[in-house]
1. Within the stretch 111-126, find all residues whose amide N lies under 17 Å from a label point positioned 7 Å from the Cα of Gln162 along Cα-to-beta-carbon.
2. What ranking do 94-103, 30-39 get when scored by the average of other Cβ atoms within 10 Å per residue, highest first?
3. Using Cα positions and a limit of under 15 Å, work out the aspartates and glutamates in reach of Lys10, with same-chain residues fewer than 8 apart set aside.
4. Carbon and sulfur atoms: what percent of the 1.4 Å accessible area of the chain do they account for?
5. Which order do peptides 206-213, 49-56, 77-84 fall in by mean Cβ count within 10 Å, highest first?
6. Taking 0.36 nm per residue of separation and subtracting the Cα-Cα distance, what length does fully extending Ser89 through Gln178 add?
7. Which value in Å does the Kirkwood hydrodynamic radius of the chain take, with 1/r averaged over all unlike C-alpha pairs and then inverted?
8. Provide Rg over Rh for the stretch 83-130; use the alpha carbon set for both Rg and the Kirkwood Rh (inverse mean inverse pair distance).
Amino acid sequence: MAPTGQCYGKTFTGLSRGSRQLALTYDDGPNDPHTLRLLEVLAKHSVHATFFLIGRYVRQRPDIAREIVQAGHVVGNHTFTHPLLTFKSEKEIKQQLADCRAALQESIGAHCNLFRPPFGGRRPAVLRIARELNLEPILWNVTGYDWTAPPAATIERRVATQIRGGNVILLHDGGHQQLGADRSQTVIATDHLIARYKSEGFEFVTIQRMMSKSDPALQPLVRNE
């Protein structure tokens, strides 16, 4: 479950230290109203982010999923119900990924082949099955530890202590247990973090763009099926 660990197979966790790019990523949406409020903050700063969506929430709120895409953000697969895949059978792993893909296809149509395992949990079978389904595993190397909804200043401080450049930043616009998780502090923290790091000369990019800079061969595909 160590996000930067590569012993079970290669995953993308960011660029080399010193890059001036940063990628904001948000897990566990779509979530009303905080995903929509987050979209407003990102639009204010002209920043695009990457959202890893839970399939069952996409089925419940396809309108929010469509808002994310219409705003120019990238959407990835975060399984259908957010289980810890480490302890699931190969059949269950495949079903989780396929069901989320189907939910995304039904709500937004074409989407990228990015995949983030819930909790970062993976074993060789998880990564193998993901790649059999043409999914590219994405982890992170900075986290705001915001799933317990601490104050925005705490989230900002936690992120700031880890930023070195080229980072994939993990935040949450929803909660995996139910819709309606309070992510108001993450929205505030996002506003402050973008302002701070833009003023320091950093550029916020999507995972797609960051990966293409790392290696053009890693450019994620867009699914139309």
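1. Only 116-122 fall inside the zone, counting backbone N under 17 Å.
2. Packing proxy ranking, top to bottom: 30-39, 94-103.
3. Lys10 reaches Glu132, Glu136, Asp215.
4. Using a 1.4 Å probe with all protein chains present, the chain comes out at 51 percent carbon and sulfur.
5. Packing proxy ranking, top to bottom: 49-56, 77-84, 206-213.
6. Extending this stretch completely gives an extra 29.6 nm.
7. So the Kirkwood estimate lands at 17.1 Å.
8. Result: Rg/Rh = 0.98.
The values are calculated or read from the model by the stated rules, or taken from the named source; none is laboratory data. Please read these numbers as outputs of a predicted model, since none were measured by experiment. As a convention, Cβ positions derive from the backbone with ideal geometry for all residues, glycine included, and neighbour counts pool all protein chains shown. For accessibility, only protein heavy atoms count, side chains too; no ligands or nucleic acids. Shrake-Rupley method; radii C 1.70, N 1.55, O 1.52, S 1.80 Å.
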